[in-house]
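Single-structure report; data block below.
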Amino acid sequence: MPTVRKTHLEPSRIAPDTFLVHDHAGEGQAPVLVPLNSLVIRGAEPVVVDTGMPENREQFLSDVFSIVEPEDIRWVFISHDDIDHTGNLTALMDAAPNAVAVLNWFMTQRMGGSLDVPPHRWRWVGDGESFDVGDRALHAIRPPIFDSPTTRGLFDPTPGVYWSSDSFATPMLTPTRDVAELDSAFWTNGQVTFDNYMSPWLPIVDDRRFQATVDRVASLDPAVIVGCHTPAITGDRVATAIANTRRSPTASFDPEPDQSVLDGLLGAVVAA
Ligand SMILES: [Fe+2]
Ligand SMILES: [Fe+2]
């Protein structure tokens with residue numbers, strides 16, 4: 001693939017003391033871009049939520065440390081054990097000597113030797129559990145869509161921000177801060193498509209039980225939903241995102257790129 005200079009978005013303040021750290025994949029290489037975000041909560045005990053991809057390490061650390069000093073970080077919450085969420089965990093823990101990694105038991109099993117953080121710096125927080133960050137508790141709530149059994153989202157009740165991990169995901173055409181910048185039909189199609197890629201069992205789930213998992217997030221009444229693979233979801237679009245998710249098990253969606261798409265990409269590279 002040709003090397004393309006990646007657009008950098010400065011972190012977005014999405015609520016008081018709460019910042020979305022932006023990254024994305026696919027720029028100049030694919031028809032759509034995939035967001036790859038993380039979150040920083042700058043409270044009494046600052047929290048970093050997910051740690052991005054290894055190839056973005058320098059920019060990720062620079063963005064995080066532009067918001068909070070490394071030695072002030074007390075918690076690094078990992079939503080699940082995929083590389084786009086754990087890619088800079090070791091680097092961040094090395095740079096933040098007072099941080100504890102918020103994981104769960106199964107994550108430590110699945111990551112095995114790739115989890116290069118000593119156990120005395122772990123804290124296990126499962127779905128439905130909470131942890132105290134000095135001036136409030138944050139709540140681990142599994143989102144309706146997920147691609148790892150270790151997944152928990154994170155709800156901060158003070159600003160009403162829910163970190164959805166891989167749920168509420170969408171592609172984007174250009175680096176984008178807020179889904180308000182997306183065409184609404186593109187967003188709806190993108191969300192149901194990514195939901196079905198992420199959780200391919202959606203069409204076979206019991207709809208009543210699935211809707212209950214969406215109800216669980218809706219009942220938090222979040223003012224803002226942010227996740228690894230979506231621009232920020234704010235205002236009236238929170239309700240739209242939740243409604244889109246409710247439709248995902250029955251909605252039609254775009255097929256995954258197949259070999260013919262790869263052939264086209266490789267042909268373009270050869271021709272360039
Ligand atoms: Fe994932
Ligand atoms: Fe992810």
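The values are calculated or read from the model by the stated rules, or taken from the named source; none is laboratory data. Because the structure is a prediction, the values reported are computed rather than measured. Cβ placement follows ideal geometry from the backbone for every residue including glycine, while neighbour counts extend to all protein chains displayed. Each accessible area value is taken on the protein alone, full model and side chains, heavy atoms only, with ligands, DNA and RNA left out. Shrake-Rupley method; radii C 1.70, N 1.55, O 1.52, S 1.80 Å.
Is it fair to say D183 is without any contact (Cβ under 8 Å) to a residue 40 or more places away in the chain, within 19 Å of the chain's Cα centre (by Cα) and open to solvent by 40 Å² or more (accessible area, probe 1.4 Å)? Considered against the rule, which asks whether it is without any contact (Cβ under 8 Å) to a residue 40 or more places away in the chain, within 19 Å of the chain's Cα centre (by Cα) and open to solvent by 40 Å² or more (accessible area, probe 1.4 Å), D183 comes out as no. If you check N56, N98, N104, N88 for being within 21 Å of F155 (Cβ to Cβ), modelled with pLDDT of 95 or more and not hydrophobic (A, V, I, L, M, F, W, C), only one passes: N104. Whenever a residue of the stretch 54-71 is under 14 Å from H24 (Cα atoms) and open to solvent by 60 Å² or more (accessible area, probe 1.4 Å), it has no partner that is in a loop (DSSP other than H, G, I, E, B) and modelled with pLDDT under 95 lying with C-beta atoms less than 8 angstrom away and at least six residues away or across chains.
Any residue at all in the stretch 203-218 that's aromatic (F, W, Y), within 16 Å of ligand 1 (Cβ to nearest atom) and farther than 21 Å from P35 by Cβ? Within the stretch 203-218, not a single residue is aromatic (F, W, Y), within 16 Å of ligand 1 (Cβ to nearest atom) and farther than 21 Å from P35 by Cβ. Note on the stretch 186-197: residues that are surrounded by fewer than 19 Cβ atoms within 10 Å (Cβ to Cβ) and either over 13 Å from D254 (Cα atoms) or touching a Pro at 6+ places or on another chain (Cβ under 9 Å) (or both) total 1.
T174 meets each of the listed conditions (1) more than 16 Å from ligand 1 (Cβ to nearest atom); (2) of a type in the set (S, T, Y); (3) not in a loop (DSSP other than H, G, I, E, B) apart from (3).
Count of the stretch 31-78 residues, restricted to those that are under 19 Å from the mean Cα position of the chain (by Cα), more than 20 Å from A15 (Cα to Cα) and not in a helix (DSSP H, G or I), is 6.
Restricting attention to the stretch 246-269, the residues being closer than 28 Å to F168 by Cβ and surrounded by 12 or more Cβ atoms within 10 Å (Cβ to Cβ) number 10.
When A96 is tested against (1) crowded, with 19+ Cβ neighbours inside 10 Å; (2) within 21 Å of A140 (Cα to Cα); (3) of a type in the set (G, A, S); (4) more than 16 Å from ligand 1 (Cβ to nearest atom), only condition (2) is not met. Taking (1) more than 16 Å from ligand 1 (Cβ to nearest atom); (2) open to solvent by less than 30 Å² (accessible area, probe 1.4 Å); (3) in a loop (DSSP other than H, G, I, E, B); (4) under 30 Å from V192 (Cβ atoms) in turn, V117 satisfies each apart from (4).
When the stretch 145-168 is filtered for residues that are of a type in the set (G, A, S) and surrounded by 24 or more Cβ atoms within 10 Å (Cβ to Cβ), the ones remaining, listed by number, are G153, S164, S165, S167. Considering the stretch 217-239, the residues that are outside any loop (DSSP other than H, G, I, E, B) and not hydrophobic (A, V, I, L, M, F, W, C) include one that is nearest to ligand 2 (Cβ to nearest atom), namely G227.
Pairs linking a residue in the stretch 124-149 that is assigned to a loop (DSSP other than H, G, I, E, B) to a residue that is modelled with pLDDT under 95, with Cβ atoms under 9 Å and 6 or more positions apart or on different chains, are V133/G43; G134/G43; D135/G43; R136/G43. Considering (1) more than 16 Å from ligand 1 (Cβ to nearest atom); (2) open to solvent by 30 Å² or more (accessible area, probe 1.4 Å), the lone condition that R142 does not fulfil carries the number (1). When each of M172, M111, M107 is tested for being more than 30 Å from G235 (Cβ to Cβ), within 16 Å of ligand 2 (Cβ to nearest atom) and in contact with a His (Cβ under 8 Å, 6 or more places away or on another chain), the lone residue that passes is M107.
Across the stretch 72-85, the number of residues qualifying as surrounded by fewer than 24 Cβ atoms within 10 Å (Cβ to Cβ) and within 16 Å of ligand 1 (Cβ to nearest atom) comes to 4.
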